[in-house]
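As structure tokens, the structure follows; a few thoughts come after it.
The values are calculated or read from the model by the stated rules, or taken from the named source; none is laboratory data. Bear in mind the structure is a predicted one, so any value in this text is a computation, not a measurement. Using ideal geometry, Cβ is built from the backbone for each residue, glycine included, and neighbour counts are taken over all protein chains shown. The area values use the complete protein model at the heavy-atom level, side chains included, leaving out ligands, DNA and RNA. Shrake-Rupley method; radii C 1.70, N 1.55, O 1.52, S 1.80 Å.
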Amino acid sequence: AQVTIPQETSNLPKEENLPPSPAPTMTSAKFSIQLKIMAVISFLFILTVSTIIFFASTFFRNTSELQLRDNNLRMAEIVGSKVRSDVINAVERGKHIGITLTSQGIPEEQKSVLLKTFFNADKEFIYLGIYEKKGETLVNKREVFNEDELKLTSLTEEDFHNVIIRNKDAFTEAFTGQSVLINSSPGFQEPSFAIAIPAAENGELDNILIM
């Protein structure tokens with residue numbers, strides 16, 4: 001007898017019968033759009049923050065400059081007022097010293113005490129000189145140095161004489177009766193200023209005190 005062996009059939013579908021897989025086009029497109037959106041958002045965020053920082057920095061810088069200028073102006077006014085007050089006081093004291101030094105009836109000891117007191121109170125002044133005018137030349141009649149302060153600097157007596165020579169024309173204006181203040185720093189070793197004060201002798205305005 002002929003025996004027929006049944007063939008085993010598989011429940012798996014054949015390869016040609018599998019449903020087609022969806023194409024990856026849709027996923028790639030969605031991913032690309034998300035990247036573009038993120039890039040645009042990031043760009044706008046960076047642009048916004050940069051703009052805010054720029055305007056904030058500009059405003060802060062302008063405000064700081066205005067405050068600095070205002071502070072500088074106030075400081076200049078304060079310093080200018082202080083310097084003006086010091087100069088006025090120095091001129092007044094200088095007038096008294098000029099009168100004392102040119103007066104014939106005051107003993108030399110009293111003059112020395114006055115000069116010492118002046119130099120102790122105004123250590124910034126190192127030189128005092130009484131000058132008269134002969135033609136176009138200033139002739140020194142008497143001069144005094146603050147020796148203690150002079151030793152603390154690198155200056156010499158000749159440096160002060162050179163200041164008188166360089167600024168002769170400016171100092172000469174004091175013979176008109178007005179005090180003269182000049183910047184004597186050019187050509188000098190240290191920042192300085194000089195004052196020329198009219199000093200009358202025997203009732204005549206023929207001398208000046210340079211300090």
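Please compute the modelled spin-label separation between Glu92 and Ile165, points set 7 Å along Cα→Cβ, answer in nm with one decimal.
If labels sit at Ile165 and Glu92, their model points lie 3.7 nm apart.
Using θ = phi - 60° and the Karplus curve 6.51 cos²θ - 1.76 cosθ + 1.60, what whole-Hz ³J(HN,Hα) does each residue of region 188-198 get, with Gly and Pro shown as x?
9, 6, 9, x, 7, 9, 10, 10, 10, 10, x
Please report, in Å, the Rg and the Dmax of region 117-192, where both are computed over Cα atoms only.
Reported Rg and Dmax, both Å: 12.9, 36.
Given a 1.4 Å probe and every protein chain left where it sits, what share in percent of the accessible area of region 95-206 is carbon and sulfur?
Values: 3360 of 6540 Å².
The computed percentage sits at 51.
How much area per residue is accessible in region 89-211 when the probe is 1.4 Å and only protein heavy atoms are counted (Å²)?
Values: 6820 Å² over 123 residues.
Roughly 55 Å² per residue, with all protein chains present.
Would you grab the residues whose amide H sits under 5 Å from the one on Asp206? Only those 5+ places off in sequence or on another chain, please, with H modelled 1.01 Å from N.
Amide H neighbours of Asp206, under 5 Å, 5+ apart: Glu201.
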